[in-house]
Amino acid sequence: MARKQKDIRIGDLRTRKIPAIPEHLSMAAARKVAALKQVDVLFVERDGRLVGALEEPVLAKAADDATVAASMTAIGACLHPEMPASRARDVFAWLRVSMLPVAVGVLLIGAIARGDVERALAQQPDALPDAALRARANAG
């Protein structure tokens, strides 16, 4: 099936650079990295693999001596650049996260914020959720 020109894909959106830190660091060290890099989210790696994320509420509240591994939220999914933005919105809602990595295989391209996806979809001329499009197609 040919892609319609108006379909917004994750690869059409600007990705953000999010630092990755090792899981053995303390939360105090993680906060220092976040402050130096001026970010609200950090990715967490183990043995060179992305395994989790630390979002702003956790960065703010966790004890200084807690480990990043104990405080992180596991990453349940990565977005692919060809994924429709409407599907990405569903993934964000299902996982209840504000930022997800964008990757092709093991290549990390960057990250996309949920708000960026929502804004792109709101600007789309005839933005309907995938479920509404399927229902409309099945009704005809």
Exercise. Going by how many other Cβ atoms sit within 10 Å of their own, how do Glu82, Glu55, Glu23 line up, fewest first?
Worked result: Glu82, Glu55, Glu23
Seminar exercise, completed: region 16-75: antiparallel bridges as % of DSSP beta bridges, rounded to 5, reads 75 percent
Exercise. Once Rh for region 1-96 is found with the Kirkwood sum over Cα pairs, what is the Stokes-Einstein diffusion coefficient at 4 °C and 1.567 mPa s, in µm²/s?
Worked result: 88 µm²/s
For this session: Compute the distance in nm between two label points, each set 7 Å from the Cα along the Cα-to-Cβ direction, one at Asp7 and one at Val51.
Result: 3.6 nm
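Rounded to the nearest 0.05, what FRET efficiency do Lys32 and Glu118 have when you use their Cβ-Cβ distance and R0 = 35 Å? Mind showing how you got there, number by number?
Details: r = 31 Å, r/R0 = 0.88.
After rounding to 0.05, the efficiency reads 0.70.
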For this session: Scan around Ile8 for amide H atoms under 5 Å from its own, H built in the peptide plane at 1.01 Å from N, and keep only partners 5 or more places away or cross-chain.
Result: Ala85
Seminar exercise, completed: In whole Hz, the Karplus estimates of ³J(HN,Hα) for region 85-101 (6.51, -1.76, 1.60; θ = phi - 60°; x where Gly or Pro) are 4, 5, 5, 4, 4, 5, 5, 4, 5, 5, 7, 6, 10, 9, 8, 9, x
For this session: Could you list which residues have their amide H under 5 Å from that of Arg46, counting only those 5 or more apart in sequence or on another chain, with H placed in the peptide plane?
Result: Val51
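Taking only the C-alpha atoms, wrap a convex hull around region 21-70 and report its volume per residue in Å³ as a whole number. Mind dumping the intermediate values first?
Working: hull volume 3.1 nm³, N = 50.
Once divided by residue count, the hull of region 21-70 is 61 Å³.
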Exercise. How many nm is it between the label spots at Asp90 and Ala66, if each spot is 7 Å from the Cα in line with the beta carbon?
Worked result: 3.3 nm
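Each value in this text was obtained by applying a stated rule to the coordinates, not by laboratory testing. The structure displayed is predicted, hence computed values, not measured ones. Glycine also receives a Cβ, built like all others from the backbone with ideal geometry; neighbour counts cover every protein chain displayed.
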